[in-house]
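Participant: Below you will find the structure I want to go over with you.
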Amino acid sequence: MSSPETQVETSNPEIQTQLVQEIEIKTLDEQTLKEIAIEIIKNPDKYNKEARFILTIRREGRRRGCGYRYLYRNDYRIVEGDAIEVTLDYGEYDCNWFEDKAIIPTTVPVIIMERYHDDDPQVSDYIIIHVFGVDGWRSMKVFVPK
């Protein structure tokens, strides 16, 4: 794919002509995004700037109907801003399921509320607030009384 080129004249005498390439940006499909996200997540030292932008969250839970007394669920929702959600992995075993997601922000800020609830009275419920800002992702965990 060739890109159109534009010559830009400047008033600075040290820079006579500057060559600007216009790049056509296309939307990446989910499989390509998944491959890019996995590469960055597996090599955070190599892609340290890019790794700051990706938040991984595991959605998981237990379904009714398998004889378990206590059910649990961990889920999230985007409260503010926009982000691309990419499914990295998914699995089920008996009545338990999980889904690993990569969250890639497209605006600043992005606020995500992750909530864990367990029917077992001995297990604490909690909320994690994830905030994406100019320095990357920051998180705060708050326990919710039962």
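Participant: What's the FRET efficiency of Arg77 with Tyr47 using the Cβ-Cβ distance as r and R₀ = 25 Å, to the nearest 0.05?
Facilitator: 0.35
Participant: When only Cα pairs under 8 Å and 6 or more residues apart are kept, what is the percent relative contact order across region 18-144?
Facilitator: 21 percent
Participant: Another one. Within the set of other residues whose C-beta is less than 14 Å from the C-beta of Asn48, count the net charge using Lys and Arg as +1 and Asp and Glu as -1.
Facilitator: Computed value for this residue: 0.
Participant: Moving to a separate point now. Any idea how far the Cα center of region 88-120 sits from the one of region 40-74, in Å?
Facilitator: If you average the Cα positions of each part, the centres end up 5 Å apart.
Read-outs throughout are calculated quantities, based only on the coordinates presented, and are distinct from any laboratory measurement. As the structure is a prediction and not an experimental result, all values here were calculated from the model. Reconstructed Cβ throughout: ideal geometry from the backbone, glycine too, with neighbour counts over all protein chains shown.
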